[in-house]
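This report concerns only the one structure given below.
The values are calculated or read from the model by the stated rules, or taken from the named source; none is laboratory data. Quick caveat, the model's predicted, so the values are computed rather than measured. Glycine gets a Cβ as well: all are built from the backbone with ideal geometry, and neighbour counts include every protein chain shown. Keep in mind that these areas ignore ligands, DNA and RNA; they rest on the heavy atoms of the full protein, side chains included. Shrake-Rupley method; radii C 1.70, N 1.55, O 1.52, S 1.80 Å.
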Amino acid sequence: MRLDPTTTGGIDSPIGAAQALLAEHDGRGPLLDLSQAAPPYPPAPEIVERIVEVARDPAGSGYAPVPGLPPLRRAVAEELSRDYAGGIDPADVVITAGCNQAFTTVVSALAGPGDELVVPLPYYFNHDMWLRLQAVRPVYLEPDAELVPRAADAAALITSRTRAIVLVTPGNPSGVTIPPAEIAAFAELARRHDVALVLDETYRSFRDTDAPAHPLFADPGWRSTVISLHSFSKDLAIPGHRVGAVVGAPELNREVLKVLDCIAICAPRAGQEATLTGLTRAGAWRAERVAEIARRRELLVAALAPRPGGFEVVSSGGFFAWVRHPFTGRSSTDVVRELLFEHDTIVIPGTAFLPDDRRMLRVSVGRVDAEAARTLARRFAAIGG
């Protein structure tokens, strides 16, 4: 058989590459796995109980409506309307099998081969992978010195082929939270050029503030420009249940549903029921988990503050620290391999998130406690020697 060259020319999943490396690890010492942004704790008891109830229900394994369970769509709309001081209707919400699927369906609704999307660096690797698989060209936007993308810099990148600007906030891998005023500036830029502003807000709950992430939903005309993507994997500790959401105009969502119906039909029913329970009954548990991740992040940043072995935290936020390694003459991939095979530590090379090698590593804080933070600092010091 002959395989499609667009697909074969794409990169393999960086997470898959990390797992392949782990399969080669001989396990000489205790493994410190800081590669994937996985919650280190189980879901709230209420969520677990609801999953069990759905599993025992004879109808619990059936299809859900393609746009999602109506009570869940309503709960998402109500929570976002409250948290953003804005106006979102259940009809604006489509439930997807995770935020990655939300992104892929939206891209399919917006762009085709030869079109362009403006994507700030460092990008989320699955976004870049999907655009290339669809023959959509990512146009890279360099951020400022603080790794904040700026609308003024993006303006020069928009062409007649541009279909959207994509922002991830807080960032994956950088952890950087884009200020609300800057997000508003991007929305105005997108509106002026009649393109979409796609906001991946997977880590919105893990910001250092309860203030609205942006003011866009307070504008009654937001649907003409804004598409907001959400995930409940980290928020509710249910990544394996695959539940996310597209928040956008009903006209957009009609096209999203065409794609969704072809690739998944609907998000898993048990996951949707679990998400509904989490949104409506696990508020205190969610707040405690947000505080826990913040503490884990602070432990890591504090342990690396002395720059052990020359490793430097460039930015942090959400589930991540974005760390520069000191080796000017070595590839980041080689550094990752040595960290694993000589120092029993796995992280993701920054080349998974950049078009070139800038000596960066993504470190996930999900499994970090005080001992893990000290261990990472010791191992960085050892390799930096």
Checklist entry - At residue 298 and residue 254, where each label point lies 7 Å from the Cα along Cα→Cβ, what is the point-to-point distance in nanometres? => result 5.0 nm
Next on the checklist: Which of 373, 17, 75 ends up with the largest GNM mean-square fluctuation for the chain, with Cα atoms connected below 10 Å?
Outcome noted: 17
Item to check | Choice from 131, 257, 31 showing the highest fluctuation, given a GNM over the chain with Cα pairs closer than 10 Å | outcome: 31
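List every DSSP H helix in the chain whose Cα atoms extend 24 Å or more along the helix's own long axis and whose mean Kyte-Doolittle hydropathy is at least -0.5.
Details: long enough: 283-304 (32 Å, 0.04).
Those that pass (Cα extent of 24 Å or more, hydropathy at least -0.5) are 283-304.
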Next on the checklist: Give me the extension gain from residue 281 to residue 52: residue separation times 0.36 nm, minus the current Cα-Cα distance, reported in nm with one decimal.
Outcome noted: 80.8 nm
Item to check | Computed lengthening from residue 3 to residue 132, 0.36 nm per intervening residue step minus Cα-Cα distance | outcome: 44.9 nm
Checklist entry - Say each of residue 224 and residue 82 gets a label point 7 Å from the Cα, pointing the same way as Cα to Cβ; how far apart are those two points in nm? => result 3.1 nm
Item to check | Calculated FRET efficiency for the pair residue 159/residue 22, C-beta based, R₀ 45 Å, to 0.05 | outcome: 0.60
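I'm a student and want to see the number: the projected area of the Cα convex hull of the chain, averaged over all directions, in nm². Walk me through the intermediate numbers first.
Details: hull surface 79.5 nm².
If you wrap the Cα atoms of the chain in a convex hull and average its projections, you get 19.9 nm².
Quick one: with all protein chains in place, what share of the accessible area of the chain is carbon or sulfur, to the nearest percent (1.4 Å probe)?
Values: 8510 of 16120 Å².
Looking at the chain in its full context, I get 53 percent from C and S.
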Checklist entry - For all pairs of alpha-carbon atoms in region 323-383, what percent lies in each bin of width 5 Å, listed from the first bin to the last filled one? => result 4, 19, 29, 28, 14, 6, 1
Checklist entry - Can you give me the pair-distance distribution of region 107-166, C-alpha pairs, 10 Å bins, whole percents? => result 24, 54, 21, 1
Checklist outcome for this item: For region 173-311, the per residue accessible area (1.4 Å probe, Å²) is 39 Å²
Item to check | Segment residue 188-residue 312, extension gain: residue separation times 0.36 nm, minus the distance between their alpha carbons | outcome: 41.1 nm
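Restrict the search to region 157-252; then list the trypsin sites (Lys or Arg not before Pro) that DSSP places in a loop and that have at most 15 other Cβ atoms within 10 Å of their Cβ. Working shown, then result.
Working: sites: 161, 163, 191, 192, 204, 207, 223, 234, 242; in loops: 161, 207, 242.
Sites meeting the loop and neighbour criteria: 161.
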Checklist entry - Among 352, 18, 181, which one shows the biggest mean-square fluctuation in a GNM of the chain, springs joining Cα atoms closer than 10 Å? => result 181
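Show that you can apply the helix-only estimate: for the chain, add -39,500 (n - 2.57) for every DSSP H stretch of four or more residues, divide by all residues, and state [θ] at 222 nm to the nearest 500.
About -12500 deg cm²/dmol.
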Checklist entry - Tell me, how many Å apart are the Cα centres for region 289-304 and for region 5-61? => result 21 Å
